[in-house]
There are 2 protein chains.
Amino acid sequence: MVKFSKKLEYSLIALRHISISEDKITRVRDISEKYNIPHDLLAKIMQKLKKECILESVQGINGGYRLLKKLSEIPLFDLYSFVESSTSIVECMHDDASDCYVSDNCTIKDPLAKMQDEFENILKTKMVSDFV
Amino acid sequence: MVKFSKKLEYSLIALRHISISEDKITRVRDISEKYNIPHDLLAKIMQKLKKECILESVQGINGGYRLLKKLSEIPLFDLYSFVESSTSIVECMHDDASDCYVSDNCTIKDPLAKMQDEFENILKTKMVSDFV
DNA sequence: TAAAATACGACTGTATTAGTCCTGTTTTAT
DNA sequence: ATAAAACAGGACTAATACAGTCGTATTTTA
Ligand code: SF4
Ligand code: SF4
């Protein structure tokens, strides 16, 4: 199936929300309550985005998150690859070795590789700001 | 995650194989053995493709499958929608009602819908013959 | 009439995603 | 000081979807 994960959707929603509240520090709880997103899950996504230098965090009782980049400078592909466990449309294109037992006689690898490129290009072309 | 199902890959491999063997009737076993695809699983995929008028079947001891269409006349999208349970990249775009609890406040539906169109256009543009 | 093929529903196993829980650290207001 | 409220993060559980198996029936031919 070709389907985005909730994590990716939640990232988009959260980044959009933070970008709108401008300078102000935004709490995870503000976002999770407004959009009915599970707090703990969203929190971990934000932590991940911090590690990837998209957000910065402030701890403590008045803490929260703030944007480090403009949404127009974040390709959707980045978000996608940060958040998803794999970015390949088929098993054999993962970074680690393939263990597909068809592989040796597989006749469709090359065309699929091209399609993967097309898909990725869409993700690389679109910026997070396109979702605001 | 954005990933094709094995069913779709097996369909492509099988259709390619049948198209190469021209007129001859092809048994499921021929294909499953050659490409290490589980026989029973492939059999059900072929049954599905028969229902969708891509293949015709002959029962009995010399039975098997034969192509009804040219591969260049079968969009990948058709195969995709026959074989996958859902064709939408997010939950709320399924045919049946959405039960995403973000939905009411969701800010990203429209851009995602456009992206879905782009993805589908790739699938509609490519023909199964492009994988031969 | 036995063998070998398709037909098909029900079932099981497995992988991934989604969500929860628990404990820790940091900062601030009181 | 210290309690409250925020981030930090690992471990766990639950839900879902995919992949594969099994059993039985039907069809056809040698
Ligand atoms: S079937 Fe072919 S394309 Fe698919 S995972 Fe295996 S080797 Fe790759
Ligand atoms: S979060 Fe928004 S885009 Fe995603 S499924 Fe829910 S309503 Fe649709």
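The values are calculated or read from the model by the stated rules, or taken from the named source; none is laboratory data. For clarity, every value in this text was computed on a predicted model and none was experimentally measured. Positions of Cβ are generated from backbone atoms using ideal geometry, with glycine treated the same way; all protein chains shown enter the neighbour counts.
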Among the residues of the range A:19-60, which ones are within 12 Å of another protein chain (Cβ to nearest Cβ), surrounded by 16 or more Cβ atoms within 10 Å (Cβ to Cβ) and either in a helix (DSSP H, G or I) or away from ligand 2 (no atom under 16 Å from the Cβ) (or both)?
A:Ser19, A:Ile31, A:Ser32, A:Tyr35, A:Leu42
I'm checking my understanding of the structure. Among residues of the range B:1-18 that are more than 9 Å from ligand 1 (Cβ to nearest atom) and β-branched (Val, Ile, Thr), which one is farthest from the other protein chains (Cβ to nearest Cβ)?
B:Ile18
Within the range B:77-95, the count of residues that are farther than 12 Å from B:Ile54 by Cβ and in contact (Cβ under 8 Å) with a residue 24 or more places away in the chain comes to 7
Apart from one, (1) without any contact (Cβ under 8 Å) to a residue 40 or more places away in the chain; (2) within 13 Å of DNA strand C (Cβ to nearest atom); (3) of a type in the set (Gly, Ala, Ser) all hold for A:Ser11; the odd one out is (1)
Exactly one condition in (1) in a loop (DSSP other than H, G, I, E, B); (2) within 16 Å of DNA strand D (Cβ to nearest atom); (3) closer than 26 Å to A:Lys7 by Cα; (4) of a type outside the set (Gly, Ala, Ser) is false for B:Thr107; which is it?
(2)
Any chance the range A:85-92 includes a residue that's assigned to a helix (DSSP H, G or I), within 11 Å of chain B (Cβ to nearest Cβ) and of a type outside the set (Val, Ile, Thr)?
yes
Go through (1) within 10 Å of DNA strand C (Cβ to nearest atom); (2) of a type in the set (S, T, N, Q); (3) free of Cβ contacts under 8 Å to residues at least 60 places away in the same chain for A:Asn105 and report which single condition fails.
(1)
Only one of B:Phe119, B:Phe77 is part of a helix (DSSP H, G or I), among the hydrophobic types (A, V, I, L, M, F, W, C) and within 10 Å of chain A (Cβ to nearest Cβ); which?
B:Phe119
Tell me, please, whether a residue that is within 15 Å of DNA strand D (Cβ to nearest atom), at pLDDT below 95 and among the aliphatic types (A, V, I, L, M) can be found in the range A:76-86.
yes
Sort out which residues of the range A:54-76 are of a type in the set (Gly, Ala, Ser) and over 15 Å from the mean Cα position of the chain (by Cα), and write them in order of number.
A:Ser57, A:Gly60, A:Gly63, A:Gly64
Of those in the range A:47-65 that are out of contact with any helix residue (DSSP H, G or I) (no Cβ under 7 Å at 6 or more places or on another chain) and of a type in the set (D, E, K, R), the residue farthest from A:Ile20 (Cα to Cα) is A:Lys51
Within the bounds of the range B:4-12, is there any residue that is in contact with a helix residue (DSSP H, G or I) (Cβ under 8 Å, 6 or more places away or on another chain), part of a loop (DSSP other than H, G, I, E, B) and not acidic (Asp, Glu)?
yes
